[in-house]
Structures are given as C-alpha cells and as structure tokens.
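Here is the structure we will look at.
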Amino acid sequence: QVQLVESGGGSVQPGGSLRLSCSASGFTYYNYFMAWFRQVPGEEREGVAAVFTGVDSTYYADSVKGRFTISRDNIKNILYLQMNSLKPEDTATYYCAAAPALRSIQPLDASEYNDWGQGTQVTVSS
C-alpha cells in the first residue's frame, strides 16, 4: 500500500558524495520503520541504514557508520541517505523500504519489510 520512489543515484569517483531521496506516500499507520538497502547482482540484499519514525531512532550497518547518514523530511515524507567518502565497495542498486511499526523488528533485515521502491543505481569508480 505504501508507494516508494527512489532518486539521486549516479556515478561518482571514490571519496565523492551522493544524496539519495525516497518519496513516500500511502502511509496508513502512525509509525514506520523506513530503511535503505543495497544489492549487487548475485548477492543478498544488504541493510544499509534505517530509522524508526516514532522516536527518530537510527540504525547503520558497520560498513557505512561515519560515512552515511539517514534522515527524514517529516512534512514532505521524503527519506534521504547522504553518502560521503564513497568507496568502490558501495557500488550497488539502492532500495528504499518501509514496514509498519506494529511490533519490534530487526530494522536492517530485508525480510521484515513488505514495501519496496524500484531502486536507484550507485556506481563508485575511478
């Protein structure tokens, strides 16, 4: 029921920055977990960062701590992922996801989420 549309992907050099956006609509519950995942062809989808809207708690994968920041525009329902100091290992398709906060979940586990965007490609290379 929730619709998510990602944008902001592109190609950058190592050490560069990108800001991904996820426009969300169709929320029917008070609070949600919202998250960014990434996937390389042939590999499992990996949790990157997540936020719990109820108290604005954030969660990050160890591989991106200190480099990526997840944030929200509460008025416009836009989820952001600011990515700094990008590395070639960050190359992947990045997906936005949402799950209603009806119970406690593991916020970086892809199996917890039912609503997904179509993805935006991020390529980091020289």
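A few points about this structure:
- Scanning segment 10-35 for residues that are open to solvent by 70 Å² or more (accessible area, probe 1.4 Å) and either under 11 Å from ALA92 (Cβ atoms) or not in a loop (DSSP other than H, G, I, E, B) (or both) gives SER11, ARG19.
- Of the numbered criteria (1) at pLDDT 95 or above; (2) charged (D, E, K, R); (3) assigned to a loop (DSSP other than H, G, I, E, B), the one ARG38 fails is (3).
- Residue that is least open to solvent (accessible area, probe 1.4 Å), among those in segment 93-121 that are under 20 Å from PRO14 (Cα atoms) and within 12 Å of the chain's Cα centre (by Cα): TYR94
- When THR58 is tested against (1) in a strand (DSSP E or B); (2) touching a residue at least 60 places away in the same chain (Cβ under 8 Å), just one condition goes unmet, and that condition is (2).
- Residues that are closer than 13 Å to ALA97 by Cβ and more than 12 Å from the chain's Cα centre (by Cα) were ranked within segment 1-23; the one that is modelled with the highest pLDDT is GLN3.
- Looking across segment 71-92, the residues that are open to solvent by 40 Å² or more (accessible area, probe 1.4 Å) and touching a residue at least 60 places away in the same chain (Cβ under 8 Å) come down to GLN82, ASN84, SER85, LYS87, PRO88.
- Taken over segment 1-48, the criterion of being of a type in the set (Gly, Ala, Ser) and without any contact (Cβ under 8 Å) to a residue 40 or more places away in the chain is satisfied by GLY26, GLY42.
The values are calculated or read from the model by the stated rules, or taken from the named source; none is laboratory data. None of the values given here were measured: they were computed from a predicted structure. Positions of Cβ are generated from backbone atoms using ideal geometry, with glycine treated the same way; all protein chains shown enter the neighbour counts. To get the accessible areas, we keep the full protein, side chains included, count just its heavy atoms, and leave off ligands, DNA and RNA. Shrake-Rupley method; radii C 1.70, N 1.55, O 1.52, S 1.80 Å.
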